[in-house]
Every structure is written in C-alpha cells, then in structure tokens.
Amino acid sequence: MTPTTEPRICRTFQTAPAAVPREESAKYLVSGLASEGFEAPDWLVPDLEDGTAPDAKAEGLENVLAEVPRADFAGEIWPRVEWSYADRPYREKGRHQIDRLVGEIGDEIDGVVVPKVGRLEDVERAAAVVAEAEASHGYDEGAIELAVIVETGRARSDLREIARFGENSRLAALVFGPVDYTAELGGRDLGDGRPRWDGLLEALSNEASAADLLAIGGPFDDLFTERAGLTYYNAEGYADQIEHEARLGLDGSWSLHPKQTIQANTIHTPTPAELERDVDRIERFNEAKREGTGAVTIDGQMVDEATFKVFRNTILTVRAIHRTRSEQTADYYDEALLDRALELELRYDE
Amino acid sequence: MTPTTEPRICRTFQTAPAAVPREESAKYLVSGLASEGFEAPDWLVPDLEDGTAPDAKAEGLENVLAEVPRADFAGEIWPRVEWSYADRPYREKGRHQIDRLVGEIGDEIDGVVVPKVGRLEDVERAAAVVAEAEASHGYDEGAIELAVIVETGRARSDLREIARFGENSRLAALVFGPVDYTAELGGRDLGDGRPRWDGLLEALSNEASAADLLAIGGPFDDLFTERAGLTYYNAEGYADQIEHEARLGLDGSWSLHPKQTIQANTIHTPTPAELERDVDRIERFNEAKREGTGAVTIDGQMVDEATFKVFRNTILTVRAIHRTRSEQTADYYDEALLDRALELELRYDE
Amino acid sequence: MTPTTEPRICRTFQTAPAAVPREESAKYLVSGLASEGFEAPDWLVPDLEDGTAPDAKAEGLENVLAEVPRADFAGEIWPRVEWSYADRPYREKGRHQIDRLVGEIGDEIDGVVVPKVGRLEDVERAAAVVAEAEASHGYDEGAIELAVIVETGRARSDLREIARFGENSRLAALVFGPVDYTAELGGRDLGDGRPRWDGLLEALSNEASAADLLAIGGPFDDLFTERAGLTYYNAEGYADQIEHEARLGLDGSWSLHPKQTIQANTIHTPTPAELERDVDRIERFNEAKREGTGAVTIDGQMVDEATFKVFRNTILTVRAIHRTRSEQTADYYDEALLDRALELELRYDE
C-alpha cells in the first residue's frame, strides 16, 4: 500500500558559474562535472544567471552546451537560466537559453532552474516556456522538469499555490534565494547579516512536503572566515546552516564550493548509527512477522505502519544515494551493514 | 453587545490508551475517568490510535464502550479513532469505530478526535463520517463534534481553510501532532530533538481564534529525565513547553500523565493574582458606572469596551472552570475572592 | 525600465492623542504637528481611537479639525478613527469621524487609519466608507487613502488577501497592533511580556512588499525603564525592536514619543557610510558606462540591473527624505556627499 520506491534525492544543489573571467572560462563548470566522492553533488547547476557576468553569458551558454555532453556526471544536471517576473527582457533571455539547452542537450539535462519568479501566473509562464521548447524539439511532455527559486515577495505570497501547481506539473523543486529575497523586502543589514527567514523556511519545507516536491535551502556566502590573522574555510558557519535546514525537513542544501558539497552531502545522509539502528529494527520486524506472533514490538514500541515507514525511509534514502553515488556509500558505511541495507525486505504487509 | 457567556475550556487534552498489555487492559482509561482535583483533565481522550497497540485495538474499543458509561466524569469525553488521509483501510477502521462509539455511547461522548487528516477535503470527509453515524443512530445534526490533529504537511497547508470550515460545522478544535508532522516533513533529529515549529504554532493559535475554535498543543514525550543517577518526572521541561503555548494563546495543552495534567491545568488557569486584579477592576468599574461619572479610569487607564473584555475574560474563564471543576477553584482561590468572581456583574453597558 | 521614482516613506508612524485630560486638551497633537528635526515623524497620526478617552472623543475630533489646518506639517497626516469588525456601533462612529474629517479637512489629510479590521470583507467595508465620504464631499476617487491595523485573528488570517486588495485600491499601508492582537488570541503574559509574533512580522513585510504597500511595526509601550532607583527613557529596548523590524524589511515603526521618533527616523534612514558607499558605486558605474567598456565591475562584482537597483534604492530613499525633511538630511550627512546624492544620474541603461 505504501510506496517502497526510493525517494528522489537532492542533498546538494551545487551551482557552478558557466563562464568566469579566466583563460579557461569553463573551469568551475568542468571541475563540478568531474567531481568525485563526497565532493560530487546530487544536482549540478551550471549557472547562467547571477554566477556569470553579463558580458560572459553568451560564452557561458556555449560552455554548458559543450561541456555537459562531454562529461559523465552521475547526478542530475539543472542549468539555471535568466528570468525575472518583473522584466520581460530577462524572460526573453531565459526563453532563448531554455530553447537552446533543450534543443541541443535536452537528453543530458534533467530540468532547468528558473530564478526570480513572481506569483503563480509567472511560474505557469515559466513552465509554458519549457513546454514550448520540449514540444518544438520533439521531447515528451514532462521530459524536462522545472525548479524555481523562491526569492521574491510575490513567490513567497503564492508559495502554497505554486507548490500545488507542482502536484500535477513539471515543477519538481522549490529553492530558497535569501539574498534577492531580503533585498526585495527591504531588509536592512545592520552589521549582523540577514534574518534566517524561519517562517519562510518552515513554509517551504511544509508546502514541498504536502505537494511531493523537493525543498532546497539557499546559498551560504560567508565561504571563508578570518581569525587572528588567518583566513580559512568557514566549516562551522556552513554546517550550522545546513543542520538547521535538515532539522526543518528541507531535502537538500545549496553549495557554492566542493567543501560545502562534502558537508551538505554528509549532513543530509543518514549516519552509520541511524542506518544500523533502522536496518536492525526492520530485520527484527521481518523475523517477528515470519514467526507470526501478531503485533510486533521493537525497542518497547509497537510497530504500526506509520512507525515502519519512518524506519524504512532511512533504508530507501541510502539505497537512492547508493544507486548514483556508490563511492559515497562505500566510503561512509561498513560493508556488511551496507549489504544488509541493500538486501532488506521492506514490505510492511507480508 | 459583547457575549458574556463562559468560554468553552480545554486546558488539558489528556490521552489515555484504550487498552494496554496488562491484566487490567483498561487500567489507564479507568484511572483517567476517575481522576480528581487538578489531576482531572478538561477533556479525556480514550486513545484507539497510536496509544493502543494494533492487536489491542478491538479490546480497546470494547473498553471504551464499557468504561465510559460506567464513570461519572465531569469534563468532556473525546475518543481518538484511527484515520489517515493517505490510506483508505485506516479510514475504514475509523468509520467503524465512530459508528460504534456514536451508536452505543453517543450520549456519553462530546466528539471524536480524528488524526492524520490531510487537506480540507479529507477533513470534510471525516466530518461526513461523523454526520452519517449521527444520522443513522438518531442524533441531532451536530450532536457529536469533531477535533482534528494537524500533523501532516497537507493539513498545515490547508490550515486556514480547515479552520474556516470550522466556522459553520461540527469542527470544534485543532490539535497539534508534532511527532508525525516532523516525520512527514522529513525533519532530522540531529541529537537535539525536534524543531518547536513556531510558525505552525502561531498559525494554529491565530486560525483557531479567527474561527472561534479551540487550539491545543502537542504531546511532550520526555516524561522523565535523568540526572546524577536519578530518574525523575520532567516537570521543568513540560512547564516550559506549556508556558510557551500559553503565551502564544493556545487554549490548552496535551497531557500524557496525571502530573502533566496538574501542570497544564495550573498554567492555563488564571492565577489568584490575576483573578484578584480583574475582579477588583470590574468592581471599581461597576461602582463608577453607578455613580455616573462618565468615562471610567482604572489603574490610570480609561476603560473602553475592548479593555473591559480583557478583564471580563479572566472572570468568565474562572466561572467555566468552576462549573465543571469546582474542587479545583476551591483549592486554588481564596473563598472570598472566588465568591466575588462568581457574583460580579459583567455587563459593559448599563 | 525600472522605476527611478522615489519610494513613499513612512519611517515613523507617530500617534498623538487627539485630546488629553489637560487644560490644553490638544497639547500632544499640537506638539506633534510642530515637531522639528529628527523629532518630526513622516506620518503624524492624530488618534481618535485608543489614545483618546471615551468621553474625550468628541473634543478630540474638534481638536483635529481645528489644529491640523492651522499647522504647517511637512509629512503626511493620517487620523486614526474608531472601528471594529465585531461591533457595528464602533463602525458607525468611524463612519461619522471619516465623514467629518474628509468634509472639513480633506485637503489636509492623506488618509485615515482604521483599526480592528477583520477579514477582507471588513477591510473592503472600511474602504467603501472612505469612498462614500470622498464622493459626497467632491474629492476624486482615491484622494483619501487607507491604512489598516492588523490586530485581529481574522485580519492576520486574511493578510494575503487584504494585501492583494491593496494592489488596486486606496489601501496603502499595513500596520501591526500587537496589544489587541495578543488579547484576541488569548496570549498570556506570564511575567515576561508578549511574544514578538515573528511569523506575523515576516508575513506583514512579505505581503506588503508583494503588493507594493508600506509595512509598519507596532507600538513599544515600555517607554520608560527603572534601574537602581532611577527611571529613564528606555532607548535600548526601543532600538532593539526597531532594528529587528528594519532587518525584516518593515518600512517604518510606530512611535509614541518624540524620543522614539528620533530613534526610528535614524534607524530607518540610510547611514552616512551606506550613502557614501552607494553614491560612490553609482558614480563609478556611470563613469564606466561613459567609457563604454561593456560590463561594469564594482568592488569585484559585475553590476547587473538587480544589483544596480539595490544601490539606487539607497539614493532614492535619501532623496525622498530630503524632499520632506531637508533639515534631517542636512543634519545627518556631510554637505558634499548629500549634493552628490542629489545630482547623481540613476538610469541603468544609457
């Protein structure tokens, strides 16, 4: 009755500028596509929007069209295009970028990320642009998915309606964009940074969950910090944000750097102790079912279907990670434990 | 113009398992029904859902049908049945339980508590099941009320619409269910427990208030705590949660244990100092009105109708508690003060 | 393409009782109207509602009608009238007050502030009362604007719908009213004051932003504090609240006292350092555009239209303040800097 299919995973949503002012302008895009181990994100997002300078956009698009097919990336590829609910020229640029991406590398990409969307109508407009590109290049309806960045007052106001639109459409993920959001609301930085926007994060997690979409947190830009003369990677600050997002039930986090990807992948992966505990519980549950003793008690608790689902979700998540990133699961879990997780019978009813 | 009727009270929503694996399987149900003094909850909730093991549900239902009529419980009785927006078999179990409860002890119960509801349509479906039982057993429309547990992303998403449905229906209370809610959203416990879900609590208090429903907090399961080798009742942790709920304007709190009931009853009851203060203010207001001096100033503040309502609400709440739980008011307040509160004229206009 | 018009400002929403029990009953109203420098609020709100005692309302109305035309107040004038979604007599008083204000000093006031509104329908009803007064006294449609105080569960429940009504109507501002709001929800003061209602504040800032309305915080009533025998103005407590509101992107704050007005005006005004930084950035941007080097990099960041808008907003805000309160800008900024800000070319496209 309850699905035993693996969940879609996006522990990490790593953006990579499509072009940078270096000799090799595709440098970061290429290194993202070649990333390995825990540095490999679940979703790589070649960024044609704010990560690429205005005069490098054209070159950025060519880089994406050239490099993505050349790489052998095990995760999903989601280019971010230009867009703005407020300005038609930006939407026209986005339409052009989407058309070329779908037309030339439609088989290689999973969807497109559309930023600065406004109310529901604007999200529907973005979805229609993708549908148009899909149809004109001979793809099946829904082959190219859509993720939107929630970073305007209008998108936040319509969040529930936008998520419900995702129940039966190509919309697959809601991503938070705190920088533009704070600017649009006129939030002042009085020396201690932006608000965390906890109300919005709770709503993002809830609406995504209620509509079976993915919810992804926003970027953390204090990549480096300084103390006593030394500048170093801000592992502490980033982990604090990602743990907060994980507690609230966001499915994944934004990464701007391979080190952030290591941390977000790790935090959003069940720990070895969690996996051990839940494998063990399900093995005991299955054993009790075989013995036919009726209701099953585990750790002093009767196991009903809802409890069972929580245990099972740990296993299904690990299997989903294993399918695309087996070097991560091999590195993180004891081999015998991983084998038990992969072989486990996961049906509640016999 | 403004109502002077006593508010409906549910300071405590105490669940009691309908059957436990003991010789006397109705043990906790029976002791809840026989509770006295501050240990007596306003609402007793015989629990046929998560509090009773799957193989004890049938016995649990018989226990409720047998014990409730036998007891002389002064508060309200609200059995919690099985349900799930996601699974029809659970809804069928709920339908059967509701039918038997209404058919056999419909005069003894005030309503039923339906857990794991989804969007508005699912709440309407639950209400229709109650209506059907009511009609088929000859009760008046609305005789059996409904409370729902808000513990899914869908119910949170539709909270405003669900509450508005309660404006003109049998729906009387919204109760928070943090354990299932956190599991459904995929919130991770990273060693420091669940989020408090403050956005949801604010919305629950607001929507209940806007639709004249009761809002009740969720269970606190760290019943016992340990320090320096001693395990003891966690009075501190529970009181912190209940005080937080009281500040946000929730009407009552969930209790799992008679000690929790004592604490929640106490926190949700006006203190003797509050009662003294507001009795005194209204006596002075009434005196000034009799003297006809026009506008009345009390404690340096002009008393308009809105201010007066706030004072009066204290008195009305105490009267409501007194009507069902006079042993609590007798115990908590000085006799002379209580008499003044019971005799006070509470009309703003003369 | 993007507007270069100055934003409407309401850094301070200062209420002044329309009549107080003193020899000169218009004392505070008159001093508010005569305020100077940083003590002068952007909006002065002659208060016919809770700030004026029931038996002084009639005199208060005459004070407003007499004193407002006599003064030469550079900001906006927004009388607060009586109203209640729950009680018709209060709405009738409000209708009468609005009719007299529009009929007698309609040229002198910018709008009216309506408190205790309920759901959208009640806000529409308040707007209709203003429209009626406007029409019957020969004013153009929309000449008299509307601000509402969000202080009931119903208004909070309908906040998104109320804000959207403001997209195409005379509704111009949403103001928070925490005292009545907390009372309506039944929030208990357990000795540490009211909740801050952060979920509501986030939503107020967001919905106002999404509908191009102003969002204003609620009053801070701990005007004075005591320590070690001395009672003094609570500058610390008020600044904490106003900074919190500024971070969340509220446009302005409620003031009950000239000292609060100084603080709120200051916090909601770009600092000299912010102005210097953004004037400098735009000067460099304009210089680069003249040299025609294509994309412009400032402080290591490519400047696109969205970035440019953020810089420009600082300048436009300062110009708006300067237009009505030049004594504040002259006092706060270096003369040369202010001149640069006033002369700057602010178009993104050449």
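The values are calculated or read from the model by the stated rules, or taken from the named source; none is laboratory data. Note that the coordinates shown come from a computational prediction; the quantities given were computed from them, not determined experimentally. In this analysis, Cβ positions are derived from the backbone assuming ideal geometry, glycine residues included, and neighbour counts consider all displayed protein chains. Quick note on the areas: whole protein, heavy atoms, side chains included, nothing else; ligands and nucleic acids left out. Shrake-Rupley method; radii C 1.70, N 1.55, O 1.52, S 1.80 Å.
Quick look at the numbers
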item: Residue list for segment B:72-102, restricted to those being in contact with a helix residue (DSSP H, G or I) (Cβ under 8 Å, 6 or more places away or on another chain), in a loop (DSSP other than H, G, I, E, B) and of a type in the set (A, V, I, L, M, F, W, C); result: B:Phe73, B:Ala74, B:Val81, B:Trp83
item: Matching residues, segment B:176-196, being more than 8 Å from chain A (Cβ to nearest Cβ) and β-branched (Val, Ile, Thr); result: B:Val179
item: Enumeration of residues in segment B:30-50 that are among the aliphatic types (A, V, I, L, M), over 22 Å from B:Arg95 (Cα atoms) and crowded, with 24+ Cβ neighbours inside 10 Å; result: B:Ala40
item: Among residues of segment C:121-161, those that are within 14 Å of chain B (Cβ to nearest Cβ) and over 19 Å from C:Val81 (Cα atoms), counted; result: 8
item: Among (1) touching a Gly at 6+ places or on another chain (Cβ under 6 Å); (2) part of a loop (DSSP other than H, G, I, E, B), the one test that C:Ala16 misses; result: (2)
item: Subset of segment C:45-71 [assigned to a helix (DSSP H, G or I) and among the acidic types (Asp, Glu)]; result: C:Asp55, C:Glu59, C:Glu62, C:Glu67
item: Test: A:Thr324 is hydroxyl-bearing (Ser, Thr, Tyr), in contact (Cβ under 8 Å) with a residue 60 or more places away in the chain and over 16 Å from B:Arg188 (Cα atoms); result: yes
item: Long-range neighbours under 9 Å by Cβ, at least six apart or interchain, first residue on the phi > 0 side of the Ramachandran plot and within 14 Å of chain A (Cβ to nearest Cβ) within segment B:31-52, second assigned to a loop (DSSP other than H, G, I, E, B) and surrounded by 24 or more Cβ atoms within 10 Å (Cβ to Cβ); result: none
item: Selected residue [under 27 Å from C:Gln301 (Cβ atoms) and without any contact (Cβ under 8 Å) to a residue 24 or more places away in the chain] from A:Glu67, A:Glu151, A:Glu62, A:Glu141; result: A:Glu62
item: Given (1) small (Gly, Ala, Ser); (2) in contact with a strand residue (DSSP E or B) (Cβ under 9 Å, 6 or more places away or on another chain); (3) within 12 Å of chain B (Cβ to nearest Cβ), index of the condition C:Gly118 fails; result: (2)
item: Of all residues making up segment B:75-105, the number that are among the aromatic types (Phe, Trp, Tyr) and closer than 15 Å to B:Glu62 by Cα; result: 0
item: Hits in segment C:280-311 - residues which are open to solvent by less than 70 Å² (accessible area, probe 1.4 Å) and basic (Lys, Arg); result: C:Arg281, C:Lys289
item: Hits in segment A:109-126 - residues which are β-branched (Val, Ile, Thr) and outside any loop (DSSP other than H, G, I, E, B); result: A:Val112, A:Val113, A:Val114, A:Val123
item: Residue check for A:Gln328: out of contact with any Asp or Glu (no Cβ under 6 Å at 6 or more places or on another chain) and closer than 22 Å to A:Leu223 by Cα; result: no
item: Segment A:312-350, residues that are of a type in the set (Lys, Arg), surrounded by fewer than 18 Cβ atoms within 10 Å (Cβ to Cβ) and in a loop (DSSP other than H, G, I, E, B); result: A:Arg347
item: Test: B:Tyr181 is assigned by TED's automatic domain parsing to the domain that holds B:Asp42, touching a residue at least 12 places away in the same chain (Cβ under 8 Å) and open to solvent by 10 Å² or more (accessible area, probe 1.4 Å); result: no
item: Candidate set from segment A:259-271 (those that are open to solvent by less than 50 Å² (accessible area, probe 1.4 Å) and not hydroxyl-bearing (Ser, Thr, Tyr)); member that is farthest from A:Ala239 (Cα to Cα); result: A:Pro270
item: Residues that are buried (at least 21 other Cβ atoms within 10 Å of the Cβ) and among the basic types (Lys, Arg), drawn from segment A:60-86; result: A:Arg80
item: In segment C:9-28, the residues that are closer than 15 Å to C:Ala74 by Cα and more than 13 Å from every other protein chain (Cβ to nearest Cβ); result: C:Thr12, C:Phe13, C:Gln14
item: Any hit, segment B:224-237, residues being open to solvent by less than 20 Å² (accessible area, probe 1.4 Å) and in contact with a helix residue (DSSP H, G or I) (Cβ under 6 Å, 6 or more places away or on another chain); result: no
item: Count of segment C:162-175 residues which are at the interface with another protein chain (Cβ under 10 Å from one of its Cβ atoms) and not small (Gly, Ala, Ser); result: 1
item: Which listed residue is in contact with an Asp or Glu (Cβ under 9 Å, 6 or more places away or on another chain), assigned by TED's automatic domain parsing to the domain that holds B:Arg194 and not in a helix (DSSP H, G or I), from B:Gly142, B:Gly166; result: B:Gly142
item: Helices (runs of 4 or more DSSP H) wholly inside segment C:233-300 containing at least 1 residues that are touching a Pro at 6+ places or on another chain (Cβ under 9 Å), more than 22 Å from C:Leu338 (Cβ to Cβ) and within 14 Å of chain A (Cβ to nearest Cβ); result: C:235-247
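Every residue, every condition in (1) polar (S, T, N, Q); (2) more than 26 Å from C:Ile149 (Cβ to Cβ); (3) within 14 Å of the chain's Cα centre (by Cα); (4) not assigned by TED's automatic domain parsing to the domain that holds C:Gly32, yes or no:
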position	(1), (2), (3), (4)
C:Tyr233	no, no, no, no
C:Ser255	yes, no, yes, no
C:Gln260	yes, no, yes, no
C:Arg277	no, yes, no, yes
C:Phe285	no, yes, no, yes
